[in-house]
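**Student:** Could you have a look at this structure, given as structure tokens, before my questions?
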Amino acid sequence: MTSDSDPESHIMKLDQEQIEHFHSEGYLFIPDCFSATETSGLLEESYKVYAMDREEVVRENSGVARTAFAAHTYNEGFRLLGAHPRLIKPVMQLLDEDVYMHQYKVNAKAAFDGEVWQWHQDFGTWHRDDEMPEPRAMNIAIYLDDVTAANGPLLFIPRSHKDGTLPAGHDIETTSYPLWTLDRETVTRLAEQGGIATPVGKAGSVVMFHCNLVHASPPNISPFGRTIVYLSLCAVSNHIRRYKRAEFIAHRDFTPIAPLADNCLSDLGAEAA
Ligand code: SIN
Ligand code: MN
């Protein structure tokens, strides 16, 4: 990422090569987007959130936290991250429109106990359950831990976003969280074409991915946690039409996000230090 020529604007812009990579592969990996101070402060906040007894904190069958939905609405650090210019500006650039927060997750993938995320496309769920009209939305993930081959990394099928929204079945059994998942024949066909990429990287890395990109992650049987925050951002004009799911899972506030200052997390880091 390159800074805008006006140092006061704090605007981060993707360059042409990054934009082309996103469109051709369906994702873009950006290392070193956040500092160790920023990510360690947020990681501390995630432990506080997981310790809360609230409906937004979904647990694995073992009882450890699986994900905390809408953490930006009840935790100050995650509120700031949810309007961070290093995340919001590039997504606005790619969607060419103001964006709102459709969903916000802090996924734990806990050491030893973090369970699978089956093969799926996010837009499949957003379209079927929430009546989001078009795939004009995307995820931007922030790694708060190092993500390695050992701790249940994301698995992407490159270029699978070009196949549109694929048939899926509603899996309400495999984990504690219902998901529209793809069958083995579809995953096999797509993986034979595109292979499987594992965007591993250090804490502070960011990965943006298209809402039709087929992805999954295996269980984490390692002793290392794998905390990743996901902002699912949607073009404002493409807001959801149906309010079937809980508001903390599929948000109904379509207010455009106004990006904060680039140093908005610095106080959080100072507190954690
Ligand atoms: C997701 O697909 O929404 C989450 C996957 C993961 O955190 O491994
Ligand atoms: Mn997903």
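**Student:** Just in region 69-159: which chymotrypsin sites (Phe, Trp or Tyr not before Pro) are loop by DSSP and have at most 15 other Cβ atoms within 10 Å?
**Tutor:** Tyr74, Phe112
**Student:** If you don't mind, there's one more thing I want to ask. Could you compute the longest span of the chain free of trypsin sites (Lys or Arg not before Pro) located in DSSP loops and having at most 13 other Cβ atoms within 10 Å, not counting the site residues?
**Tutor:** Answer - 55-240.
**Student:** Kindly write out, for region 201-211 in residue order, the coupling ³J(HN,Hα) from the Karplus curve 6.51 cos²θ - 1.76 cosθ + 1.60 (θ = phi - 60°), rounded to whole Hz, with x marking Gly and Pro.
**Tutor:** Along region 201-211, the couplings run x, 6, 3, x, 6, 10, 10, 9, 9, 5, 6 Hz.
**Student:** Which shape class applies to region 82-219: rounded if a/c is under 1.5, otherwise prolate when a/b exceeds b/c and oblate if not, where a ≥ b ≥ c are the square roots of the Cα gyration tensor eigenvalues?
**Tutor:** Here region 82-219 falls in the rounded category.
**Student:** Another question, then. Just to be sure I understand: with springs between alpha-carbon atoms less than 10 Å apart, which residue in Ile196, Ile228, Ile157 has the highest mean-square fluctuation in the Gaussian network model of the chain?
**Tutor:** Ile196
**Student:** Here is a follow-up. Please calculate how many Å² of accessible area the chain carries per residue, with a 1.4 Å probe and no DNA, RNA or ligand atoms counted.
**Tutor:** Numbers: 11620 Å² over 273 residues.
That works out to 43 Å² per residue.
**Student:** Give the shape of the chain as rounded, prolate or oblate, defined through the alpha-carbon gyration tensor: a ≥ b ≥ c are the square roots of its eigenvalues, a/c under 1.5 means rounded, and otherwise the shape is prolate if a/b is larger than b/c and oblate if not.
**Tutor:** rounded
**Student:** Who wins for biggest fluctuation among Thr73, Thr181, Thr148 in a Gaussian network model of the chain, springs between alpha carbons below 10 Å?
**Tutor:** Of Thr73, Thr181, Thr148, the most mobile in the Gaussian network model is Thr73.
**Student:** Tabulate in residue order the Karplus-calculated ³J(HN,Hα) for region 110-119, using 6.51 cos²θ - 1.76 cosθ + 1.60 with θ = phi - 60°, rounded to whole Hz; enter x for Gly and Pro.
**Tutor:** Whole-Hz 3J(HN,Hα) from phi for region 110-119: 5, 3, 6, 10, x, 8, 4, 10, 5, 5.
**Student:** Can you list the lysines whose alpha carbon sits under 22 Å from that of Lys105, skipping same-chain ones fewer than 8 residues off?
**Tutor:** Counting by Cα, and skipping residues close in sequence, Lys105 has these lysines nearby: Lys48, Lys89, Lys202, Lys244.
**Student:** Same structure, new question: Can you show me the helix-derived [θ] at 222 nm for the chain, built from DSSP H runs with n ≥ 4 at -39,500 (n - 2.57) apiece and divided by the number of residues, rounded to the nearest 500.
**Tutor:** The helix-only estimate for the chain comes to -7500 deg cm²/dmol at 222 nm.
**Student:** Okay, moving on. Under the rule of at least 5 residues apart or a separate chain, name every residue whose amide H is placed under 5 Å from the amide H of Ala203.
**Tutor:** Those qualifying (amide H under 5 Å, at least 5 residues apart or on another chain) are Asp146, Val147.
**Student:** Of the accessible area of the chain, with the probe set at 1.4 angstrom, what percent is carbon plus sulfur? Provide the component values of the computation, followed by the final result.
**Tutor:** Values: 6080 of 11620 Å².
For the chain, the apolar C and S fraction of the accessible surface comes to 52 percent.
**Student:** What ranking do 231-238, 215-222 get when scored by the average of other Cβ atoms within 10 Å per residue, highest first? Could the numbers behind the result be given before it?
**Tutor:** Numbers: 231-238: 22.4, 215-222: 18.5.
By packing density, highest mean first, the sequence is 231-238, 215-222.
**Student:** Additional query: Considering only DSSP states other than H, G, I, E and B, which chymotrypsin sites (Phe, Trp or Tyr not before Pro) in region 164-273 qualify as loop sites with at most 14 other Cβ atoms within 10 Å?
**Tutor:** Tyr243
**Student:** Restricting to Cα pairs below 8 Å that are 6+ residues apart, what does the relative contact order work out to for the chain? Please round to a whole percent.
**Tutor:** 32
**Student:** How far apart, in nm, are the 7 Å Cα→Cβ label points at Glu185 and Ser62?
**Tutor:** 3.5
The values are calculated or read from the model by the stated rules, or taken from the named source; none is laboratory data. A quick note: this is a predicted structure, and the numbers were derived from the prediction, not measured. All Cβ positions, glycine included, derive from the backbone under ideal geometry; neighbour counts span all protein chains shown. Protein only, heavy atoms only, side chains kept; ligands, DNA and RNA dropped before computing areas. Shrake-Rupley method; radii C 1.70, N 1.55, O 1.52, S 1.80 Å.
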